[in-house]
Every structure is written in C-alpha cells, then in structure tokens.
Amino acid sequence: MELKVFETPGREWDEFASRYTDLIFYQAAWSEVLRKGLGGQPLYFCLKEGKDIVAGLPGVLFNFKIFKLFYSSIPFGNFLGEKTLFHSLMELLEKDLERRGIDQVRISDSPFLEPYCPSSYRALSAKVSLLDLRGADKERIWNSHKKYIRRDVRKAEKSGVTIRLGSSAEDINLFYDLYLASMERNRAVAKYPFQWFRVLCEGGSGKSLGTIRFAVLNQTAIAGVVLVHSATTTHYFHNGSRSEFLKYCPNELLVHSSIEGAVDRRSSFFDFMGSDSDDASLLKFKEKWGSQSKDIYTYVKDCHPFRCKIWEWGKKMGNTKMGNWLIKLTR
C-alpha cells in the first residue's frame, strides 16, 4: 500500500468518501471553500491498494509563515475507511507531515462516524448538539417545542418580524455585519473573514454550499443565519444579530424557520454544530429545541512544542480587547 495526496481532490476521492459519509465537509467541493475562503491548501491523504483508495483523511494546511498547522477538514474530518487500516495510514501521514515541516496537527471527530484517536495525540473535548428529525413533520416539530419557545416565535411574528432568504452579494455583506455585531457583543474574536462567507454563500440559494436566512423587521435585517447542507443533515453554521432587536426574538423565529426548512429538505438531522463544553448558555440555547448534546473530540499533536506554545499565547492575546483591535486593523 502507498500514500497519495490530493491537493485538488475530485471524483475519485468523492466516490471513495461517499461510501462512508454524506457530509459535505468530506467532499471535494468543500476543499475549495477552505482554499478560497480561508487561504488554506487542501491536502487529502489517501491510502491506496493498487488503484483503489482504501482509507483516507481530508484536511487543509494553513501556512502562517512562522507556524504551519494541518487541520483535518473543518469542522469535521476524521478518518474514512476500514478502521484496521488507520494505523498504517497514520504512520505514512505523519512522515509526510514531518517532511512538510508541520508544527501542529489537529484531527476532528465527526458526530456521525466512529471516532479514531491516534496514539500520542491529546484529546480536547467539546460538545456537538443534534436534533433528530427522522419521521418528523412541521406539526410535530411545533408541538414538540416548549411553551416558551412557541411564545417567543409568536412574539416575533406579532412584532412584524418575517423571514427571507439571502440571494445576492449585498446580502453576504449584510450578514457579515450581523456576524461582526454578535462577535463584538460576545467579546469574541471574529475568526472568519468576509471572504469565507463570500465563498460559502456566493451563487445564491440552490447554487452555493451555504444559504442565508434573515429575520427582517421594517425591511431591516436584524438577525441572520448561514446554513450548510449535507445530503441528509442541515448544519446551523453561523449566526449574527443586533442586540437592540433581540427583544423581538428574531433568533427564535430564525431557528424555528430553519428547522422547518430542514424538514422540507427531508433532512434526518439538524446539526447545531460544536460548542465549548463550558459554554452553558450556548448549550442551553441549542438543547431547548430538543437537540441532544454529546462529546466530540479534537486530537492534537504538537510536533514542535515551543512553537506551539508561542502560537497558543498569540491566540490568547487575540482574544483580548487589544488583540481584537489589532486583528480588525489587519483586515
């Protein structure tokens, strides 16, 4: 068996990956989102036996000049194939990453696949929240909502809040402003640049990997979400809102509308995505819709510990008020 690396994965990779998962994050199309949206170099590692791919790991290399980070496909990207082959793939993969001068490797679980924890890696825990939609219809979804959720959705509707789909380049700008407003309110770093949202959502509904929904009041977008669609899962990927309009419950109407949309798409799951295990308020918001949260892990290996310590220190600085200000200046 030999290791092959696709920098531009295509049909051969997709045919292999589709035997194990239908998540968009494992498909070749997602590699272009990572390339164009985040400036990463896709590296899809394949263990081949003859002409056939028998195991693989999708990923992306971020070269920050002073630090090289290999991340399995964001947000989910663990190994594909027969589990007995993972060790062989891992041995060859680590040799390749060493040759490339990688400083840190991060491999993420998928909530839909059996986890594989490589030896010598440390595990960082998070939570992922999934709402099971199998057999659900809109009436059942509405009736399953807690009374206070139905009250908040009705309040939004009675206040004149409506839902519309984003379909233009202007709408991407509009959502990005809402995203930045939320990050500022939560005193969090805006990790994703505008280019990420442009690549994710360009082309409009039906042509892009991501779609935008807005909550609108008096023709003003007051909140929004970006949904990403896998074949049988709808992913609640990003959200943003303006604090002065939260009293109208736009986020509750948006989530309810998005879940109904997932039912229309015949999605089996509505994926609220990952959360910090210590973020109780965010987990509570996700779980109030009936989602179940479970542990999910990212496996990390520091190939050059000293550089990794400096990198982690830099990320902590980025989360400070001054660091956030510096990041804004560089964008």
Only unsatisfied item for VAL216, checking (1) over 28 Å from GLN27 (Cβ atoms); (2) touching a Lys or Arg at 6+ places or on another chain (Cβ under 6 Å); (3) touching a residue at least 60 places away in the same chain (Cβ under 8 Å), is (3)
Mind counting the residues in the stretch 114-148 that are within 22 Å of GLY290 (Cα to Cα) and out of contact with any Phe, Trp or Tyr (no Cβ under 7 Å at 6 or more places or on another chain)?
18
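Residues checked against (1) at positive phi; (2) in contact with a Phe, Trp or Tyr (Cβ under 7 Å, 6 or more places away or on another chain); (3) of a type in the set (Lys, Arg):
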site	(1), (2), (3)
GLU12	no, no, no
ARG19	no, no, yes
PHE45	no, no, no
PHE67	no, yes, no
GLU82	no, no, no
ARG106	no, yes, yes
Name every residue in the stretch 1-38 that is closer than 26 Å to TRP196 by Cβ, in contact (Cβ under 8 Å) with a residue 60 or more places away in the chain and not in a helix (DSSP H, G or I), in order of residue number.
VAL5, THR21, ASP22, LEU23
Looking at the stretch 271-309 only, could you name the residues that are more than 19 Å from the chain's Cα centre (by Cα), more than 30 Å from LYS147 (Cα to Cα) and in contact (Cβ under 8 Å) with a residue 24 or more places away in the chain?
LYS301, ASP302, CYS303, HIS304, ARG307, CYS308
Among the numbered criteria (1) touching a Pro at 6+ places or on another chain (Cβ under 9 Å); (2) without any contact (Cβ under 8 Å) to a residue 24 or more places away in the chain, which single criterion is violated by LEU130?
(2)
Cβ pairs under 6 Å, 6+ apart or interchain, first in the stretch 225-248 and touching a residue at least 12 places away in the same chain (Cβ under 8 Å) and surrounded by fewer than 23 Cβ atoms within 10 Å (Cβ to Cβ), second of a type in the set (Val, Ile, Thr) and assigned to a loop (DSSP other than H, G, I, E, B), ordered by first then second residue, are TYR248/VAL161
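Would you check which residues across the stretch 63-106 are polar (S, T, N, Q) and free of Cβ contacts under 8 Å to residues at least 60 places away in the same chain and list them?
First pass over the stretch 63-106, keeping only residues polar (S, T, N, Q): 63, 72-73, 78, 84, 88, 104.
Selection gives ASN63, SER72, SER73, ASN78, THR84.
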Of the residues in the stretch 107-127 that are free of Cβ contacts under 8 Å to residues at least 60 places away in the same chain and of a type outside the set (Gly, Ala, Ser), the one that is nearest to LEU69 (Cα to Cα) is TYR116
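Being in a helix (DSSP H, G or I) and crowded, with 18+ Cβ neighbours inside 10 Å is the filter; apply it to the stretch 154-173 and report the residue that is farthest from the chain's Cα centre (by Cα). First the steps, then the outcome.
Our first condition is that a residue be in a helix (DSSP H, G or I); within the stretch 154-173, this holds for 154-158, 169-173.
Keeping just the survivors that are crowded, with 18+ Cβ neighbours inside 10 Å gives 156, 171-172.
Working: ALA156: 27, ASP171: 20, ILE172: 17 Å.
Selected residue: ALA156.
From the set of residues in the stretch 15-37 that are of a type outside the set (A, V, I, L, M) and closer than 19 Å to LEU85 by Cα, which is surrounded by the most Cβ atoms within 10 Å (Cβ to Cβ)?
Here is the first cut: in the stretch 15-37, the residues of a type outside the set (A, V, I, L, M) are 15-16, 18-22, 25-27, 30-32, 35-37.
After this cut, where a residue has to be closer than 19 Å to LEU85 by Cα as well, the list is 15-16, 18-21, 26.
Numbers: GLU15: 10, PHE16: 21, SER18: 13, ARG19: 9, TYR20: 18, THR21: 20, TYR26: 29.
Of everything passing the filter in the stretch 15-37, TYR26 is surrounded by the most Cβ atoms within 10 Å (Cβ to Cβ).
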Could you run through the stretch 56-90 and say how many residues are under 15 Å from VAL5 (Cβ atoms) and part of a helix (DSSP H, G or I)?
2
The stretch 142-174: number of residues that are closer than 15 Å to LEU217 by Cα and either outside the structural domain of SER257 (by TED's automatic domain parsing) or among the hydrophobic types (A, V, I, L, M, F, W, C) (or both)
6
Quick check on the stretch 111-118. Is at least one of its residues at pLDDT below 95, surrounded by 14 or more Cβ atoms within 10 Å (Cβ to Cβ) and under 16 Å from SER275 (Cα atoms)?
yes
Would you mind telling me which numbered condition in (1) of a type in the set (D, E, K, R); (2) surrounded by 14 or more Cβ atoms within 10 Å (Cβ to Cβ); (3) under 28 Å from MET1 (Cβ atoms) ASP52 fails?
(2)
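The values are calculated or read from the model by the stated rules, or taken from the named source; none is laboratory data. What you see is a predicted model; the values in this text were computed from it and never measured. All Cβ positions, glycine included, derive from the backbone under ideal geometry; neighbour counts span all protein chains shown.
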